[in-house]
Structures are given as structure tokens and as C-alpha cells.
Amino acid sequence: MGYDAAMDRLPRLERTRLVHRNAVLRSISSSAALVTIAVSASVLAMYAGADALVYGAHPYIFQMKPNSAIGFAAAGAALGALAQGRLRLSAALAVVPTLIGGLTLLEYVGLPVRIDEMLIRDWHVGATGMPGRSPPNTAAVLLLVGSVFLFLFAVRSERARRFVLLFVPLATIAVAMEALAGHIGQSAFAVGWWTRQPMSFPSVLCALSLGAGMLAHGWQSETAVVSRVPLWMPLLGFFGVSLIDICTPLEVNSAIFYLPLVACAIWFQRAYVVFAFAAMATLLILFGLFASPPGHLSFAIAALNRAAAIGAVWLVAAFVSGHHRIHRRLRHSEHHFATAQTLASVGSFELRFADMSLRGSDAFQTMHGLPIGEEVDWPTLLRGGVPVDEHGMLQAMIDAARRGEPSRDLDYSFLRAGNDVRNMVMHADLLVDAQGKAVGVIGVVHDVSEVRRAEARQAEIEVQLRHAQKLESLGMFAGGIAHDLNNTLVPITMLMPLLMETADASERQILDLAIGAALRAKDLVREILAFSRREEPELKAIRLDLLVREAMTIIRAGVPASIIIADELAPVSEMLGSKGQIYQTILNLATNAAQAIGDRAGTITIGTRSETRDGDGSTDIRLFIADDGPGMDVATARRIFEPYFSTKPAQNSTGLGLAIVNKIVKRHGGSILVRSTPGEGTRFDLLFPAIRQQAA
């Protein structure tokens, strides 16, 4: 994860502290660059002026070779360019110290490079070594520093850049401190390694400034941890350095090589590992002080060198510990940030106008079906799932932001994999640079898909509620009509028996039919009144096969002539039930079957039979109604008994018919089973307990 992304995920207070810290570190880098340039430029000016007076008063200034002064001046300028974020200029300037340091070291190993003749003889007549040739430790510093700037320009890996910005500055500071300790102890071997040519005081100052400046620049991006390595690797390194230390004389301060090994604790996210590595390095440094060959360096100076190395070890350990603390806080903040965004269905993003790169949080990437942790550009996001007719709206928002106009909230949709359409609301604001110019857009995206679905469901429920209120009013109205109809039927039911007494045989058949119809109407009126008063219907013993035969006349009259009504009615036992409600159930199922078949030819089969239940031997009465219509799929069949669910147009159905049927069947102690196959038809089986089972 990049530095900017890590900063975005920190809490506001922590982010503010890091911004102030980075401003201080940036000032340190710039100041170190100016110090290096000032020192080396002063030395070059004195060489150019051949100032004998300055040499007589301060001869140590001329101990810095001209090549070294040129290399350090270019390195200081490269550091200043790096602090300003100008990587290309920094790399171009870094070529100079890299060439001077590399060619000098090649000449020391015997190659005829002749770097010492690059400039004229040193002004200091009595200087040791060749004119213009930098000491080997100075050349090594120039090569290291120049290589760092070239590496930062060529390599884009954040982990590799952090690694180099941590270890190379520490190594540079370690070499300079060793030379300084050698000057204090009057040891030519220590200050010039295997030669008698010393690293000058101005060179020491430039090396320390460059090391501190590069270290400060590297600390600005330290908000993430590089990948882990096996524990045995740094331990093997400790063993190797300790062998080198005890096999070389005290003049060679091999203890500085413990610094990168202690810094390896940054890979192991445990505080005790840092302490263990630092303690191990301290013990091995002290062991090397007494176990190494004495050589030409006094024990006091050697002890001073080792004390400086121990201090550097614990300085590195303190840095690693601080890094771990920041990483733990960052990881904790990232977890809370990601959890909060996930729970709120919100994702944040940042769009840069320079390259239209889009950097989003994990929640943002997940919302849009993008790989987490990868950057995409704005056109890729649009092509990934935003409907084409919404591209213009989003592009208009970008164009307005380029002109510096504040963005407004936008609603757009996004099609993810699997035809999952998500509804998004974007809240964006301008992203401006130090000059106040709009350089991008920053904002959040809220996934409101569930909210919109809930609003749609609420609207549907409101419609259903209004429809239910209409039905309730209609029920009350029907109750009033039924009451009046009942009063109208009273004379018919009272006078018909009197007419029967004077009628002949043929007239009696007509009167019987009329009396039966009047009595059925009276029963239906009683059921309507019971329903409108919300009273439980009266259950009586009924024969289901006989009730179906009575309903056949109405069923045949209500279906198209192209549909055949077939009956498979077998005599069944009596059951306790409401004649009106069972009658309503039969008519409802038969009507649904006819509507499923439609205008084409088809068959509706209605039948009854008695069945003996396995186990207790009790009897069930089965009523089945089957059609050879188009049938239903499994998903539809699972929902047909839900209130207000219907496959018919809204104006042709209330979605309550089968829900009422299911309720009536359960009220009679029965069960209902539906079997349907697309293209083959649908069958409803209703099972009711026989009256003998209830009497038992």
C-alpha cells in the first residue's frame, strides 16, 4: 500500500501529526542538502582562488580533494531535488558522485582509470596520495549516495525504496563516524582504511549531512512494513559478521555491519525481536572488542569505535520500535476504517486529473467488483459496469470539477458480475493543490441498493394496505347487501313449500331446483355475514364429493367452452367443515386453473377419494384439482400462498385468493400440497381429516 493511501486511512488527529512530522523531516532534508553544497562549494572556491592565507590559517579545509568536493556538491544538489520531489533532476545530478566514487575505487584496485588526473595537483603541497584522488572511504560514500538517487528514480517498488533509504544512510553515517573516531585517535589506518590517505573533516561533515538528509527523507514514507523474511536469515548474518569481526584487527570496525542486521527486526512485528536483535548485537560488539587482534589501533580508540557502534545499534532499534508502533496504530485504524465503511455500505475514492487514476478504499473496490488493492483509471470504471446513458452525467461532473466548480451529489447505477445491479450515490468534493488549483476529485460512494429496495417494498405495502382497506370497506358493504338479500330470500323460502303443495310433478322439479338455489344463497349469505362480522364460521358435517357435484354447474358455467371439466369423484366420508368456505375454496382453485389454461383447449380434473393414513389407520379425505396449463417453476410455486403475490397483471388480481384458500384449509385441520412442472400443468391436493378421526 502506498504512502498516500496509508495516510488517507489514518484518523484525522494521527494524520495531522504525521503531516507536521513530515514537514519537519522535509526541512531537515533540505537543510542537509544546503549544508553539503555550502561546504563543498567553499572548498572548491578556495581551490580555485589558491588562497594561501586560508591554507595557512585552516589547512584541514584543503584535505578534501577537489574530486570529493565536486562529488559532494552534486550529491547535495541531488538531495535537494529529491526533497522537492524532482526525481528526474535528482537522478541526473547523482551521475556525478556515482562516477567519481566508482572510478576512484576502480583505480584503487589497480585499473588504469587515472581519475587522479581529473584535476590539477592539490593546493596542499605536502598532501599524501595522488593529486585529486579521493580516499577510498570517501569514494565509497560518494558511490553509495549517488547510487541511492539513481535507484529511487529507476525503481518504483515502495518496499525496495524504503529498504534502500533505511540502510544506505545508516551505512554512510557509520563510515563517517568511523573516520571521525580515527581522527580523534590519530589512527591513519582507521580514517583511510587500507591506505594512508585520510577522509577529511569537510568530507566527514558532508557525509553526515547527506546521511541524515536521506534518512529524514526515507522516514517521511515510513507508514507501512516491508514483507517478512525467515528468522534464520538475520541470525545467520549475525553469525557471519561476528566471524569477520573476530578475524580482523581492531582497526577494521566490522561492528557497523550489525546495524542492517538489527534493522531486519522491522520485518518481525514483535517488540521483543527488536530488543533481542539489539542486545545480541551489543554482546557481539563487546565480544569482538576483546577477541579481535589488537593491530595498530590503541584499545581506547577501539573502545570508542565500538561504543559508537553500540549507540548506532540502539538508535536503529529505537527507530524500528517506533516504526512498529506506527504500524500497529495504522493497522488498527485500517481495520476500524474498513469495518465502518463495510457496515455503512460506504466507500471512499480519489480521482487525479493528471492521469485519471482512481484510487479507492477496499469497500469502494468491493462495491464496484474491482480487485482490492489495485489502482484503475476512470474510463475503466465507467466501462466496467456504469450504464452507457449515465456516462455523460458523470463526465459532466468531472468537467465541472476541472473548472473548479463544486461537485453535486450524483445517483448512478453499476452492474456487477451476475447481473447484480447496485444503486450508488456519489458525494464528491474538489481536491486542490497548494496553489488552490483543482487537481482531482475526492469523495465517498454510498451503496443505497438495499435502501431503494426497502423503499420500493414500503411503497408496495402501502398500495397493498390501501387495497386491503378497500377490501375491508367492500366486505362491510357486502355484509349490508347480504343482510338485505337474506331478508329478500325469506319470502321465497317460506312461500316455496306452499307452492309445492299445489304443484304437479314437473313443477315440483322446478320448485325443488329453485328452493335448493335459495337455500344455497341463504347459506352463502350466512357465510358473508360471518366473514363481515369477523366471526368463526359454524362447522357442520359435510360430504365433500356431494359439495363438489353441486359446484360443478357453476364451475362449468364460468369456464370457456374450450376447457373440459372432468370429475373423478369417489364417495368419501363426512368431515367437519364450513360449507360456504369449502365451496369458496373449490371455486377459487377451479377458476385459477381455468385462467392458467386461458383461451386454448385444456382439461380441468376435479376428484375426491378417501385414504387410510399410515401408522394410526385413520382416514383422510383428498380433494384434488389439476389442470394441463403452462405450470410453474419452483421459485413461483414456493410463493403462491404469500399474501398479495400473484403472477397475473395487477389490475386482474389481488394476490389474496390462494392465501385465503391456504388459511381455510388450515382452519379445517387440513393441509395443501401443490405440484407443478413447467409445460405440464399444476395439481393442488387438499387433505382433510374425516369426522371419524375427530370423534375418536
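Just to be sure before I move on: is ALA308 part of a helix (DSSP H, G or I), buried (at least 22 other Cβ atoms within 10 Å of the Cβ), in contact (Cβ under 8 Å) with a residue 40 or more places away in the chain and touching a helix residue (DSSP H, G or I) at 6+ places or on another chain (Cβ under 8 Å) in the structure I sent?
no
Looking across the range 230-251 at every residue that is part of a loop (DSSP other than H, G, I, E, B) and either buried (at least 22 other Cβ atoms within 10 Å of the Cβ) or assigned by TED's automatic domain parsing to the domain that holds ASN137 (or both), the one that is modelled with the highest pLDDT is identified as LEU250.
Filtered by the rule that a residue be touching a helix residue (DSSP H, G or I) at 6+ places or on another chain (Cβ under 8 Å) and in a helix (DSSP H, G or I), the range 396-421 gives a lone residue, ILE398. Of the numbered criteria (1) crowded, with 16+ Cβ neighbours inside 10 Å; (2) at pLDDT below 75; (3) within 30 Å of ALA596 (Cβ to Cβ), the one ASP545 fails is (2).
Scanning the range 251-258 turns up one or more residues that are in contact with a Phe, Trp or Tyr (Cβ under 7 Å, 6 or more places away or on another chain) and not basic (Lys, Arg).
Looking across the range 327-366, the residues that are more than 16 Å from the chain's Cα centre (by Cα) and in a strand (DSSP E or B) come down to LEU351, ARG352, SER357.
Using the structure shown, decide if ALA354 is over 25 Å from LEU430 (Cβ atoms) and among the hydrophobic types (A, V, I, L, M, F, W, C).
no
Is it the case that ALA541 is of a type in the set (A, V, I, L, M), in the same structural domain as THR605 (by TED's automatic domain parsing) and in contact with a strand residue (DSSP E or B) (Cβ under 6 Å, 6 or more places away or on another chain)? When the stated conditions are applied, ALA541 passes them.
Select from the range 318-342 the residues that are within 15 Å of TRP219 (Cβ to Cβ), surrounded by 13 or more Cβ atoms within 10 Å (Cβ to Cβ) and aliphatic (A, V, I, L, M) and list them in ascending order. Of everything in the range 318-342, those that are within 15 Å of TRP219 (Cβ to Cβ), surrounded by 13 or more Cβ atoms within 10 Å (Cβ to Cβ) and aliphatic (A, V, I, L, M) turn out to be VAL320, ILE326, LEU330. Restricting the first member to the range 562-581 and to residues that are within 14 Å of THR619 (Cα to Cα) and outside the structural domain of ILE604 (by TED's automatic domain parsing), and the second to residues that are at pLDDT below 90 and not polar (S, T, N, Q), no beta-carbon pair is closer than 7 Å while six or more apart or on different chains.
The values are calculated or read from the model by the stated rules, or taken from the named source; none is laboratory data. All of these numbers come straight from a predicted model, not from anything done at the bench. Note that we place each Cβ from the backbone using ideal geometry, even for glycine, and neighbour counts take in every protein chain shown.
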